[in-house]
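Engineer: Below are the structure tokens for one structure; questions will follow.
The values are calculated or read from the model by the stated rules, or taken from the named source; none is laboratory data. It should be emphasised that the depicted structure is a prediction, and the values quoted were computed from it without experimental measurement. A quick note on method: Cβ atoms are made from the backbone with ideal geometry, for glycine too, and the neighbour counts reach across all protein chains shown.
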Amino acid sequence: MLKFNKKEVELFFYNEILSSFSKEAQPGLIRTFDKNIYEIEIIIKILNNAGKTENPTIIDFGCGLGINLMILSKYFNCKCIGLDRYDEFDEIHAREVGTTNQVVSRLQQFGVEVIPSNPITYKFENEIADVVTSFDVIEHFNFPPNEYLANMINAVRTGGHIMVGTPNQAHIFNRIKLLFGRNVWEDFDYWMNYNPFYGHVRELLTWELKKVIESMGLKHYTIHQSSYPLYSRLKMKFPRPIANVFYNIGKVIFLLFPNLNYYNLIAARKK
């Protein structure tokens, strides 16, 4: 069985992974680490429940920096493959996290196999993965995700799982923004001035994400919902004890009204 210990995974992230990035990039990575650890814990549970604990194979479509893959590869001894076109890390963008070569090199140092190709069209020849993931990708599409999801399904073994995570358009933060007349989409200046535009095009509601998965013939799935940004933001603004109090209040609200959560993650089994 793969043992998931949150504190140990956090230590690995802070001691091993964070130090491989520039100081300028580290605050942003820390802010989103609650999301990484949330996703990794679900992956480990799926692998344990399926009995896939000896060097399981994981493919991440649109892996980007690949924080999840680095942890799963080096800490949990999984065979990890990252698939991404990597144009977002072109030198022209001067990203704090590094250029394409630096991002790919970092992943390889952590034992991740990198395929620099377009995940929308790339096709694996065989069903090789126990779990195929895609986090924060489909909301960027200006076209249907069918071909992309079909490629994910074709890469996973029978009995394996695909996992798709994407923001919930109707989350509580968006609802509050609308009350105050704020736009819930991308920053206006970013949309106006950045070309190419890499922002969100179509976020989904919970029932829409379910419908997308069902349209691909996947009927056996579970929905996981989280509001990980809440705790990250609270920790930035308040001492940890106060942040914990507010966070626990938030957890009660999200338990009563799950569709107010920020993030939807669906895990579907291929039969």
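Engineer: Here's a check for you: in region 24-72, which residue that is touching a strand residue (DSSP E or B) at 6+ places or on another chain (Cβ under 8 Å) and charged (D, E, K, R) is farthest from Arg269 (Cα to Cα)?
Structural biologist: Lys35
Engineer: Continuing with this model, one more query. In region 255-268, which residue that is part of a helix (DSSP H, G or I) and touching a helix residue (DSSP H, G or I) at 6+ places or on another chain (Cβ under 6 Å) is surrounded by the most Cβ atoms within 10 Å (Cβ to Cβ)?
Structural biologist: Initially, region 255-268 is screened for residues part of a helix (DSSP H, G or I), giving 255-256, 258-260.
From what's left, touching a helix residue (DSSP H, G or I) at 6+ places or on another chain (Cβ under 6 Å): 259-260.
Details: Asn259: 14, Leu260: 18.
Here the residue is Leu260.
Engineer: Among the residues of region 118-140, write down those that are farther than 16 Å from Ile266 by Cβ, part of a loop (DSSP other than H, G, I, E, B) and of a type in the set (A, V, I, L, M, F, W, C).
Structural biologist: At the first step, the residues of region 118-140 found to be farther than 16 Å from Ile266 by Cβ are 118-130, 140.
Still in the running and part of a loop (DSSP other than H, G, I, E, B): 118-128.
Within region 118-140, Ile120, Phe124, Ile128 meet the criteria.
Engineer: Out of region 209-225, which residues are under 16 Å from Phe141 (Cβ atoms) and either part of a loop (DSSP other than H, G, I, E, B) or without any contact (Cβ under 8 Å) to a residue 12 or more places away in the chain (or both)?
Structural biologist: So in region 209-225, the residues under 16 Å from Phe141 (Cβ atoms) come out as 209, 211-213, 215-216.
Residues satisfying the conditions are Lys211, Met216.
Engineer: Answer yes or no as to whether Ser227 is in contact with a Phe, Trp or Tyr (Cβ under 9 Å, 6 or more places away or on another chain) and either of a type in the set (Gly, Ala, Ser) or farther than 29 Å from Gly28 by Cα (or both).
Structural biologist: Details: in contact with a Phe, Trp or Tyr (Cβ under 9 Å, 6 or more places away or on another chain): yes; either of a type in the set (Gly, Ala, Ser) or farther than 29 Å from Gly28 by Cα (or both): yes.
Yes.
Engineer: Out of the residues in region 141-162 that are outside any strand (DSSP E or B) and of a type in the set (S, T, N, Q), which is farthest from Phe76 (Cα to Cα)? Walk me through it before giving the result.
Structural biologist: The first filter runs over region 141-162 and keeps only residues outside any strand (DSSP E or B), leaving 141-155.
So of that shortlist, the ones also of a type in the set (S, T, N, Q) come out as 142, 146, 151, 154.
On the way: Asn142: 35, Asn146: 31, Asn151: 25, Asn154: 25 Å.
That would be Asn142.
Engineer: So the check is Cβ under 7 Å with 6+ separation or different chains; which pairs have a first residue in region 1-26 that's crowded, with 16+ Cβ neighbours inside 10 Å and a second one that's of a type in the set (Ser, Thr, Tyr)?
Structural biologist: Leu2/Thr53; Val9/Tyr75; Phe12/Tyr75
Engineer: If we keep just the residues of region 81-104 that are under 18 Å from Glu24 (Cβ atoms) and small (Gly, Ala, Ser), which is modelled with the lowest pLDDT?
Structural biologist: Of everything passing the filter in region 81-104, Ala94 is modelled with the lowest pLDDT.
Engineer: Before we move on, is Ile115 free of Cβ contacts under 8 Å to residues at least 24 places away in the same chain and of a type in the set (Val, Ile, Thr)?
Structural biologist: Values: free of Cβ contacts under 8 Å to residues at least 24 places away in the same chain: no; of a type in the set (Val, Ile, Thr): yes.
So Ile115 does not fit the description; no.
Engineer: Quick check on my filter: what residues within region 39-63 are in contact with a Pro (Cβ under 6 Å, 6 or more places away or on another chain) and among the small types (Gly, Ala, Ser)? It would help to see each step written out before you state the result.
Structural biologist: In the first step, residues of region 39-63 are kept if they are in contact with a Pro (Cβ under 6 Å, 6 or more places away or on another chain); the result is 47, 61-62.
The one that is in contact with a Pro (Cβ under 6 Å, 6 or more places away or on another chain) and among the small types (Gly, Ala, Ser): Gly62.
Engineer: For the condition touching a residue at least 60 places away in the same chain (Cβ under 8 Å) and in contact with a Gly (Cβ under 7 Å, 6 or more places away or on another chain), what is the one hit in Tyr228, Tyr190, Tyr263?
Structural biologist: Working: Tyr228 fails: in contact with a Gly (Cβ under 7 Å, 6 or more places away or on another chain); Tyr190 fails: touching a residue at least 60 places away in the same chain (Cβ under 8 Å).
Result: Tyr263 is the single residue among Tyr228, Tyr190, Tyr263 that is touching a residue at least 60 places away in the same chain (Cβ under 8 Å) and in contact with a Gly (Cβ under 7 Å, 6 or more places away or on another chain).
Engineer: Does any residue of region 148-165 turn out to be touching a Pro at 6+ places or on another chain (Cβ under 8 Å), farther than 27 Å from Phe33 by Cβ and modelled with pLDDT of 95 or more? Step through it out loud before you land on a result.
Structural biologist: Kept after step one, since they are touching a Pro at 6+ places or on another chain (Cβ under 8 Å), are these residues of region 148-165: 148, 151.
Within this subset, residues satisfying the condition of being farther than 27 Å from Phe33 by Cβ are 151.
Those left that are additionally modelled with pLDDT of 95 or more: 151.
Yes, region 148-165 contains a residue that is touching a Pro at 6+ places or on another chain (Cβ under 8 Å), farther than 27 Å from Phe33 by Cβ and modelled with pLDDT of 95 or more.
Engineer: Please enumerate the residues belonging to region 230-254 that are closer than 17 Å to Ile30 by Cβ, basic (Lys, Arg) and surrounded by 12 or more Cβ atoms within 10 Å (Cβ to Cβ).
Structural biologist: Once the filter is applied, which keeps residues that are closer than 17 Å to Ile30 by Cβ, basic (Lys, Arg) and surrounded by 12 or more Cβ atoms within 10 Å (Cβ to Cβ), region 230-254 yields Arg233, Lys235.
Engineer: Looking at (1) surrounded by 11 or more Cβ atoms within 10 Å (Cβ to Cβ); (2) at pLDDT below 90, can you tell me which one Asn183 breaks?
Structural biologist: The single condition Asn183 does not satisfy is (2).
Engineer: Continuing with this model, one more query. I'm trying to understand the selection: among the residues of region 16-52, which are closer than 16 Å to Leu69 by Cα and over 18 Å from the mean Cα position of the chain (by Cα)?
Structural biologist: Hits for region 16-52 are Glu16, Ser20, Phe21.
Engineer: Is there a residue in region 55-69 that is over 27 Å from Pro145 (Cα atoms) and touching a residue at least 40 places away in the same chain (Cβ under 8 Å)? Give the steps one after another, and end with the answer.
Structural biologist: The first filter runs over region 55-69 and keeps only residues over 27 Å from Pro145 (Cα atoms), leaving 55.
This time we only want the ones that are touching a residue at least 40 places away in the same chain (Cβ under 8 Å), so: none.
No, there is no match, as no residue in region 55-69 is over 27 Å from Pro145 (Cα atoms) and touching a residue at least 40 places away in the same chain (Cβ under 8 Å).
Engineer: Please go through region 224-267 and give me each residue that is modelled with pLDDT of 90 or more, under 21 Å from the mean Cα position of the chain (by Cα) and aromatic (Phe, Trp, Tyr), ordered by number.
Structural biologist: Phe254, Tyr262, Tyr263
Engineer: Suppose we filter region 1-39 for residues that are within 19 Å of Ser227 (Cβ to Cβ), at pLDDT 95 or above and aliphatic (A, V, I, L, M); how many remain?
Structural biologist: Number of matching residues: 1.
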